[in-house]
Amino acid sequence: MFRIAITGGIACGKSYVGRLCATKGLPVWEADEVVHALLERGTGVFESVLGAFGGGILDSQGGIDRRALGRRVFASSADRMRLNAIVHPSVVSACDVWVSTQQEKGVPAVVGVIPLLHEAGLEKSWDLVVCVTCRPATQSQRMRERGWVGAEADARIGAQWPQDKKAEAADVVIVNEGSGALLDAQVDRMLSRIEER
């Protein structure tokens, strides 16, 4: 089974490229979706994160306020490392189970959308690493549209590898500057290359 990892900077369009791959018949696994599920009340990860960061990260319903948690961990590399140490093992385990399940089904290729692929040292588990990138101005605009501005936006960008470093480490680079047709054509070219292998 051929394993494709999609990574890239925040707000560059990784999930969008993942959805394009899904429309072309590839099973797609999203790390961020798994993280969100792990942070729900009742999970061991929820309890560990609450124990590590205290009640100040809870919303009015007693769940984790991801925005509040984000502000804290993106302001402190020590807190970010502590959160990653709690969350990453469960995310990696969930991915391994999903990949094994797809393999048992006889699926020829799968896609994992993993923002922190390189930061977590997971790139060697994948046959092809795809970096989705865009111009810094486009990235900043998309972040503003998501409500991240100023120091908060800068902290989130600064917590990841720079886009050019991720692109340099990738096997394929996809540029997402907003044209759906161009993006679709790049995904088609990538999948054609895989089929030729």
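Every number in this text was worked out from the coordinates using simple rules, so none of it is lab data. A quick note: this is a predicted structure, and the numbers were derived from the prediction, not measured. No Cβ is skipped: glycine too gets one built from the backbone with ideal geometry, and neighbour counts run over all protein chains shown.
Here is how the numbers come out for the structure above:
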| quantity | calculated |
| --- | --- |
| Relative contact order, percent, the chain [alpha-carbon distance under 8 Å, six or more residues apart] | 38 percent |
| Fewest-first sequence of T43, T133, T138 by Cβ atoms within 10 Å of each Cβ | T43, T138, T133 |
| The chain - charge dipole about Cα centre, Lys and Arg +1 at Cβ, Asp and Glu -1, debye rounded to 20 | 280 debye |
| Fluctuation leader among A151, A94, A11 - the chain, Gaussian network, Cα springs under 10 angstrom | A151 |
| Cα convex hull volume per residue for the chain (Å³) | 126 Å³ |
| nm² value of the averaged projected area, convex hull over the Cα atoms of region 139-197 | 5.0 nm² |
| For region 8-90: rounded, prolate or oblate by the Cα gyration tensor [a/c cutoff 1.5] | prolate |
| Footprinting exposure proxy for S93, S60 (fewest neighbouring C-beta atoms within 10 Å first) | S60, S93 |
| Order of I57, I174 under a 10 Å beta carbon neighbour criterion, fewest first | I57, I174 |
